[in-house]
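Notes to accompany the following structure.
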Amino acid sequence: DQQVKQNSPSLSVQEGRISILNCDYTNSMFDYFLWYKKYPAEGPTFLISISSIKDKNEDGRFTVFLNKSAKHLSLHIVPSQPGDSAVYFCAAKRESAGNNRKLIWGLGTSLAVNP
Amino acid sequence: ETGVTQSPTHLIKTRGQQVTLRCSSQSGHNTVSWYQQALGQGPQFIFQYYREEENGRGNFPPRFSGLQFPNYSSELNVNALELDDSALYLCASSLEVSEGAGKTQYFGPGTRLLVL
């Protein structure tokens, strides 16, 4: 049972355009969401996060939007750069339950930004 | 400040054997988590260690066990290897257990295990 779903295994965009990566979740108890980026042969690196009390968080070119009613979040990258080409993972946890050690991950979306 | 390192980078074992994977935490970090990432999947939480004690476990059988040492380095041991254990094993360290699954968790590059 996949509680965090990234339904697009891959995405290709042109350099300078917007990249939108989507993530859906089924567990309404999740209250903290994170996006990680992973390059080949490297571990995931934290990108941006959002608490369920917010609907938007922005950090430079990266913005995460959260729609709790739809149990959906998205990561926007504007403008996209070739160096953004990587696998992006969405992850969620129940921080309020004290179970903040266990992240539930999606399957990832492979983003290719073409020059 | 050194990052999280893991050894070996690659490993091939046969079914039924035992394997030990190693992780050196980022300097000053006292919490380490282990994840299994099968091909085409997201990482799955195996367990977490905080100050040498297990501090939470995912849905993995007892043949997956771990250790954390006084210098906060860690080992993941898997006994009676099965073909489905073939995966990338990731170690992640953080400064405090409260940040054990958040933005201040730093991942190593992983150990890729192949079980034949």
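A few comments on the model shown:
- Failed criterion for B:Gln36 (all others in (1) open to solvent by less than 10 Å² (accessible area, probe 1.4 Å); (2) within 13 Å of another protein chain (Cβ to nearest Cβ); (3) modelled with pLDDT of 95 or more hold): (1)
- Scan of region A:58-70 for residues that are assigned to a strand (DSSP E or B) and surrounded by fewer than 16 Cβ atoms within 10 Å (Cβ to Cβ), ordered by number: A:Glu58, A:Asp59, A:Asn67
- Condition check for A:Ala86: at pLDDT 95 or above and closer than 26 Å to B:Gln37 by Cα: yes
The rows are residues; the columns are (1) in contact with a Pro (Cβ under 9 Å, 6 or more places away or on another chain); (2) buried (at least 16 other Cβ atoms within 10 Å of the Cβ); (3) of a type in the set (Phe, Trp, Tyr); (4) without any contact (Cβ under 8 Å) to a residue 40 or more places away in the chain.
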{"position": "B:Gln17", "(1), (2), (3), (4)": "no, no, no, no"}
{"position": "B:Cys23", "(1), (2), (3), (4)": "no, yes, no, no"}
{"position": "B:Asn30", "(1), (2), (3), (4)": "no, yes, no, no"}
{"position": "B:Asn59", "(1), (2), (3), (4)": "no, no, no, yes"}
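- Residue match in region B:16-26 (condition: more than 11 Å from the chain's Cα centre (by Cα), within 14 Å of B:Gln105 (Cβ to Cβ) and within 11 Å of chain A (Cβ to nearest Cβ)): no
- Annotation note: Cβ proximity below 6 Å between a residue of region A:95-115 that is open to solvent by 20 Å² or more (accessible area, probe 1.4 Å) and a residue that is modelled with pLDDT of 65 or more and of a type in the set (Phe, Trp, Tyr) (sequence gap 6+ or interchain) occurs for A:Glu95/A:Tyr32; A:Lys102/B:Phe45.
- Unmet requirement for A:Ser110, which otherwise passes all of (1) of a type in the set (Ser, Thr, Tyr); (2) more than 11 Å from every other protein chain (Cβ to nearest Cβ); (3) not in a loop (DSSP other than H, G, I, E, B): (2)
- Count of residues meeting criterion [more than 11 Å from chain A (Cβ to nearest Cβ), in contact with a Ser or Thr (Cβ under 7 Å, 6 or more places away or on another chain) and either at pLDDT below 95 or surrounded by fewer than 14 Cβ atoms within 10 Å (Cβ to Cβ) (or both)] in region B:69-104: 4
- Residues satisfying the stated conditions in region B:1-33, i.e. modelled with pLDDT of 95 or more, closer than 30 Å to A:Lys5 by Cβ and not in a strand (DSSP E or B): none
Conditions (1) among the basic types (Lys, Arg); (2) without any contact (Cβ under 8 Å) to a residue 60 or more places away in the chain; (3) on the phi < 0 side of the Ramachandran plot, marked per residue:
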position	(1), (2), (3)
B:Thr14	no, no, yes
B:Ile46	no, yes, yes
B:Leu67	no, yes, yes
B:Ser94	no, no, yes
B:Gly110	no, no, no
B:Leu113	no, no, yes
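- Search result, residues across region B:65-84 that are within 13 Å of the chain's Cα centre (by Cα) and not small (Gly, Ala, Ser): B:Leu67, B:Gln68, B:Tyr72, B:Glu75, B:Leu76, B:Asn77, B:Val78
- Neighbours by Cβ (under 8 Å, 6+ apart or cross-chain): first from region A:1-20, open to solvent by 90 Å² or more (accessible area, probe 1.4 Å); second part of a strand (DSSP E or B) and of a type in the set (D, E, K, R): A:Asn7/A:Asp24
- Subset of region B:39-53 (residues that are surrounded by fewer than 18 Cβ atoms within 10 Å (Cβ to Cβ) and in contact with a strand residue (DSSP E or B) (Cβ under 6 Å, 6 or more places away or on another chain)): B:Glu52
- Selection status of A:Ala86, of a type in the set (A, V, I, L, M) and within 10 Å of chain B (Cβ to nearest Cβ): no
- The single condition among (1) more than 13 Å from A:Leu103 (Cα to Cα); (2) assigned to a strand (DSSP E or B) that B:Leu81 does not satisfy is (2).
The values are calculated or read from the model by the stated rules, or taken from the named source; none is laboratory data. As the structure is a prediction and not an experimental result, all values here were calculated from the model. In this analysis, Cβ positions are derived from the backbone assuming ideal geometry, glycine residues included, and neighbour counts consider all displayed protein chains. Remember, those area values only see protein heavy atoms, side chains included, never the ligands or the DNA or RNA. Shrake-Rupley method; radii C 1.70, N 1.55, O 1.52, S 1.80 Å.
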